[in-house]
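The values are calculated or read from the model by the stated rules, or taken from the named source; none is laboratory data. This one's a predicted model, so the numbers in the text were calculated from it and none came from an experiment. Don't worry about glycine lacking a Cβ; one is built from the backbone with ideal geometry, like all the others, and counts go over all protein chains shown.
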Amino acid sequence: MWLEFSRSFVSMDAAKMANDSTRKKTSCATLERYAWPLVAAWTILPAVFLVGSVVRETNHMAPITVVGHREILFNSLGYVILWMVGVGGICLVGRRLVRCERERTAAEEALLQSREDLESKVKERTAELEKANVRLKCEVVERMRAEEALRESEMKYRIVADNTYGWEFWLNPEGRFIYTSPACLDITGYSADDFAADPDLFYRIIHSDDRSSFRSHRHEVEQKFKSDVAAFRIIRPDGSCRWIGHVCRPVFDNNGNFIGIRGSNRDISERKQAEVEIWKLNEELEQRVLKRTAQLEASNRELEGFCYAISHDLRAPLNRLEGYSRAILEDCSELLDAQGRFYAERIEQGSLQLKRVIDVLLELSRLTRSELTVQDVNLSEIARSIIQELKEMHPDRVVEFVAAPDVMVKGDVAMLTIALKNLLDNAWKYTAKHSTAGIEFGITEHKRRRVCYVRDDGVGFDMKFAKKLFKPFESIHCPGEFPGNGIGLATVQRVIQRHGGRIWAEGAIEKGATFYFSL
């Protein structure tokens, strides 16, 4: 019974320790603490109980002999020894069980700790793998995007290259075609596969007269690593000839290594034909210019003869006519009535006016024929000098003159002085009816060009008559209202045109006028 109780106790305790690691550890400690007192109690108490039972039974029985007492004692001692041996065996077995349980518990704890460590490492590794997986997914997405962008970019460039007007190509360092655009078929009559299969085909189709120059061009590009252009002829399979405009340049990788030649060829046959036609037209035009120049030289000689005739053949009769009319007025005035004197005066005035017209025509002829002496000219100083002379000639006039400082131009100083004098005389004349007048000379900008101007606040003019201003002997005002020979502005225009410029006017009635000119 005691053996079964101790076994059940040990087995129950062992079962409890097997259920939970913490309870097992506590049970082992409890078993070690109380095992030996229990064993001692289980050993001594049954022995005492057995001995007491034997003594009681002996006392109730009849008197026993000494031999009987000894036998009873030996039997009791034998039972006790057997009991103690059994209990000792049980203790040894229990101790062994406790040691095994302790070892098993320690192993389970170690296993549990290893499992926890393994789970922790698995979690850490899983987290790292998840992060790596996220990074890998991002890299995959970025790579897919980059590949998609690369495909789109490649498609765009290929569309451009395959559909360009010119024949685009790329040669490797050995001179073989890496890429040839489909336009080569339209230009040369050979396909891209033909050029890829036969590297010498390109040289063979070049016109024999142009091969040496093209080889020199290619040598310059490959040896000096610089871009260059060339023009040469090719022979198509049908025997026709075409002009090719060629441009190429060396190509290098990111490390600066030469990786080939990139170039473009265009069909310039029409341009070459146009150049030939232009050359022919230029030759024809040059012949026409020479012919026209000869005609102009002849006209100039005739004009010089005409001017000589005017200055000599016409001036002499006019001088006589003027002299006779003056003599009649001086010597025969008392013989003439009022009407006769009027006729004589009109004859004298007409002859004088005709002489002035002749002088103006001669001046225009001189301006047309004379050579330009180009130098730096200060128009501001010339303008101030002309206005000062006008003020001295007409001291009664009140005119405020403003000139921009140091307006410098390049031209013939004599001709520009004549032009500026006519413009300022014109402004002075058409401001005469105002008690006070203003005249201005300056410079401004018109259509990105420097232009000079002369402005006045005189009677002005109607813009619809602006084109008549520069025609000789044309007047937009009433005859006799403003005296003049009608050729001043025409002279200005001739001078400005000789300097390669232009002149125009703006104005309004009673609001003045402004004359602009460029050189």
Of all residues in the stretch 253-274 being under 23 Å from residue 220 (Cα atoms) and without any contact (Cβ under 8 Å) to a residue 24 or more places away in the chain, the one that is farthest from the chain's Cα centre (by Cα): 257
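Return the residues of the stretch 237-296 that are assigned to a helix (DSSP H, G or I) and small (Gly, Ala, Ser); say none if nothing qualifies.
First pass over the stretch 237-296, keeping only residues assigned to a helix (DSSP H, G or I): 269-296.
The answer is 269, 274, 294.
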Which listed residue is at pLDDT below 90 and among the acidic types (Asp, Glu), from 302, 284: 302
Run residue 277 past the list (1) more than 48 Å from the chain's Cα centre (by Cα); (2) at pLDDT 90 or above and report the number of the one that doesn't hold. (1)
Name the residue that is surrounded by the fewest Cβ atoms within 10 Å (Cβ to Cβ), counting only residues in the stretch 180-197 that are under 35 Å from the mean Cα position of the chain (by Cα) and of a type in the set (Gly, Ala, Ser). 192
I need every pair where a residue in the stretch 315-335 that is surrounded by 15 or more Cβ atoms within 10 Å (Cβ to Cβ) has its Cβ under 7 Å from the Cβ of a residue that is of a type in the set (Val, Ile, Thr), sequence separation at least 6 or different chains. 315/358; 321/347; 325/347
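Looking only at the stretch 403-415, which residues are in a loop (DSSP other than H, G, I, E, B) and either under 24 Å from residue 498 (Cβ atoms) or among the hydrophobic types (A, V, I, L, M, F, W, C) (or both)?
Keep residues of the stretch 403-415 that are in a loop (DSSP other than H, G, I, E, B), which gives 404-407.
Within the stretch 403-415, 404, 406, 407 meet the criteria.
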If you take the residues of the stretch 166-198 that are in a loop (DSSP other than H, G, I, E, B) and in contact with a strand residue (DSSP E or B) (Cβ under 7 Å, 6 or more places away or on another chain), which of them is modelled with the lowest pLDDT? 166
Options 134, 221, 140; residue that is free of Cβ contacts under 8 Å to residues at least 60 places away in the same chain and touching a strand residue (DSSP E or B) at 6+ places or on another chain (Cβ under 7 Å): 221
Can you find a residue in the stretch 337-355 that is assigned to a helix (DSSP H, G or I), in the same structural domain as residue 459 (by TED's automatic domain parsing), surrounded by 13 or more Cβ atoms within 10 Å (Cβ to Cβ) and of a type outside the set (Phe, Trp, Tyr)? no
Residues 400, 392, 474: which one is part of a helix (DSSP H, G or I) and either in contact (Cβ under 8 Å) with a residue 12 or more places away in the chain or more than 21 Å from residue 502 (Cβ to Cβ) (or both)? 392
Kindly check whether there is at least one residue in the stretch 215-222 that is surrounded by 12 or more Cβ atoms within 10 Å (Cβ to Cβ), in contact with a Phe, Trp or Tyr (Cβ under 6 Å, 6 or more places away or on another chain) and either aliphatic (A, V, I, L, M) or under 21 Å from residue 167 (Cβ atoms) (or both). no
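Please work out if residue 157 is in a loop (DSSP other than H, G, I, E, B), aromatic (Phe, Trp, Tyr), within 22 Å of residue 261 (Cα to Cα) and modelled with pLDDT under 80. Steps first, please.
Details: in a loop (DSSP other than H, G, I, E, B): no; aromatic (Phe, Trp, Tyr): yes; within 22 Å of residue 261 (Cα to Cα): yes; modelled with pLDDT under 80: yes.
For residue 157, the condition - in a loop (DSSP other than H, G, I, E, B), aromatic (Phe, Trp, Tyr), within 22 Å of residue 261 (Cα to Cα) and modelled with pLDDT under 80 - is not met.
Just one of 494, 450 is assigned to a helix (DSSP H, G or I), in contact (Cβ under 8 Å) with a residue 60 or more places away in the chain and of a type in the set (Lys, Arg); which is it? Steps first, answer last, please.
On the way: 450 fails: assigned to a helix (DSSP H, G or I).
One residue alone meets the criteria, 494.
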Would you please list the contacts, defined by Cβ atoms under 6 Å and residues six or more apart or on different chains, that run from a residue in the stretch 283-302 that is under 23 Å from residue 365 (Cβ atoms) to a residue that is modelled with pLDDT of 90 or more? none
Restricting to the stretch 425-447, name every residue that is more than 18 Å from residue 508 (Cα to Cα) and assigned to a helix (DSSP H, G or I). 425
Considering only the stretch 230-262, state which residues are in contact with a strand residue (DSSP E or B) (Cβ under 6 Å, 6 or more places away or on another chain) and loosely packed, with under 11 Cβ neighbours inside 10 Å. 241, 253
